[in-house]
1. Pull out all pairs, ordered by first then second residue, where Cβ-Cβ is under 7 Å, the residues are six or more apart or on different chains, the first lies in the range 69-84 and is more than 21 Å from V28 (Cα to Cα), and the second is hydroxyl-bearing (S, T, Y) and in a helix (DSSP H, G or I).
2. Suppose the filter is loosely packed, with under 11 Cβ neighbours inside 10 Å, closer than 30 Å to A30 by Cα, hydrophobic (A, V, I, L, M, F, W, C) and free of Cβ contacts under 8 Å to residues at least 40 places away in the same chain; does A102 pass it?
3. Could you tell me which of the residues T16, T36 is closer than 16 Å to L63 by Cβ and either over 14 Å from the mean Cα position of the chain (by Cα) or at pLDDT 95 or above (or both)?
4. Being of a type outside the set (V, I, T) and modelled with pLDDT under 95 is true for just one of S8, S74. Which residue is that?
5. Mind telling me which of the residues K65, K82, K51, K23 ends up being closer than 27 Å to E115 by Cβ, surrounded by 10 or more Cβ atoms within 10 Å (Cβ to Cβ) and charged (D, E, K, R)?
Amino acid sequence: MQSQKKVSHPQRLKMTWRMVKNKVYCGVFAMRHMETYMGQPLSKWKPGLHKESAIQQNTLEKLRKRYAHRMLTSKINMLRAKVLDLAENFQKVEFKVRTDHAYKAMPTIQKRLKEY
């Protein structure tokens, strides 16, 4: 007996939090979707994301930091000790110097984002 295969066609959901302008946070969206989607209908799914706005940008930045922290400090990260050591040493650097480093890095970060 020949098995019948069901053909499935992907459907792009119309989520209120979809972004048009920014393509950088796709990984954060993917992580949040995997974290919060439990099979419920779209109308009942509440991932805690907002429409494209400054509020959404702030939320995504907080999530990006949270996910990065979890991955970098995870017990299964083979470089965890090195990451924690580097973070501890960075905290010992004077605040103004750390701020200057971050400020000076912004043009490079912006350039890389445009290239991406």
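The values are calculated or read from the model by the stated rules, or taken from the named source; none is laboratory data. Because the structure is predicted, anything quoted here is derived from the model rather than measured. Because the Cβ atoms are built from the backbone with ideal geometry, glycine has one as well, and the counts that use them run over all protein chains shown.
1. Nothing qualifies.
2. The answer is yes for A102.
3. Being closer than 16 Å to L63 by Cβ and either over 14 Å from the mean Cα position of the chain (by Cα) or at pLDDT 95 or above (or both) holds for just one of T16, T36, which is T36.
4. S8
5. After ruling out the rest, the residue left standing is K65.
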